[in-house]
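To start, the structure under review is shown below, and the notes come after it.
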Amino acid sequence: ENIIVNAIKYGKPEVPTEIKIEADIIQGKAYIKEGATAGINYHRISVIDNGIGFDQQYADKIFELFQRLHSKNEYSGTGIGLAICKKIIQNHQGFITATSKPGKGANFSIFIPVE
């Protein structure tokens, strides 16, 4: 829910928000660098938006507790939503990634083992 709410919150004011949700199964060996285990298949759920995006250098920072890329004056929030998402996914032996470019939207992918 938090990822979808963020896609709406960080939308471009002048552009209608678009959110695309995709799901598939991938092999862990293709995502070792991101935290996968080779030999395990993962459900991948991707939430892709057309919002304001962010600089890729902050892709890990946004999952840290109380870390924000914008001031509270710009966007409301506590800075805990994505940290909670990450913890929940880790509790299911999975991981989450984020890719983005400023002004080009964001792609959050959740990986949960199939077995």
The chain accessible area per residue, 1.4 Å probe, protein heavy atoms, integer Å², reads 64 Å²
Counting alpha carbon pairs within less than 8 Å and at least 6 residues apart, what relative contact order, in whole percent, applies to the stretch 1-45? 31 percent
Please check which bits of the stretch 90-115 a label hung off LYS20 would reach, taking the label as a point 7 Å along Cα-to-C-beta and the cut-off as backbone N under 13 Å. 105-108
Could you check which residue among TYR42, TYR31, TYR58 shows the biggest mean-square fluctuation in a GNM of the chain with a 10 Å Cα cutoff? TYR31
Just subtract the alpha-carbon distance of THR99 and GLN56 from 0.36 nm times their residue separation and send over the number in nm, one decimal. 14.9 nm
Listed by chain and number, the aspartates and glutamates with an alpha carbon less than 17 angstrom from that of LYS61, same-chain partners under 8 positions apart left out, are GLU34
Using θ = phi - 60° and the Karplus curve 6.51 cos²θ - 1.76 cosθ + 1.60, what whole-Hz ³J(HN,Hα) does each residue of the stretch 24-36 get, with Gly and Pro shown as x? 7, 10, 10, 8, x, 4, 7, 10, 4, 4, 7, x, 6
Taking all protein chains as present, what is the carbon and sulfur share of the accessible area of the chain, in % to the nearest whole number, probe 1.4 Å? 53 percent
Estimated distance in nm for a label pair at ILE112 and THR37, the labels positioned 7 Å out from Cα along Cα-to-Cβ: 1.7 nm
In Hz, Karplus ³J(HN,Hα) per residue of the stretch 85-91 (6.51, -1.76, 1.60; θ = phi - 60°; x = Gly, Pro): 4, 4, 5, 4, 5, 5, 5
For the chain, just say rounded, prolate or oblate: build the C-alpha gyration tensor, square-root its eigenvalues into a ≥ b ≥ c, call rounded for a/c under 1.5, and beyond that prolate if a/b exceeds b/c, oblate if not. prolate
Taking r as the C-beta separation of ALA30 and ILE80 and R0 as 41 Å, the FRET efficiency to the nearest 0.05 is 0.85
Averaging sequence separations of C-alpha pairs under 8 Å and six or more residues apart, then dividing by the length of the chain, give the relative contact order as a whole percent. 30 percent
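The values are calculated or read from the model by the stated rules, or taken from the named source; none is laboratory data. Since we're looking at a predicted model, the values are computed, not measured. Glycine gets a Cβ as well: all are built from the backbone with ideal geometry, and neighbour counts include every protein chain shown. Quick note on the areas: whole protein, heavy atoms, side chains included, nothing else; ligands and nucleic acids left out. Shrake-Rupley method; radii C 1.70, N 1.55, O 1.52, S 1.80 Å.
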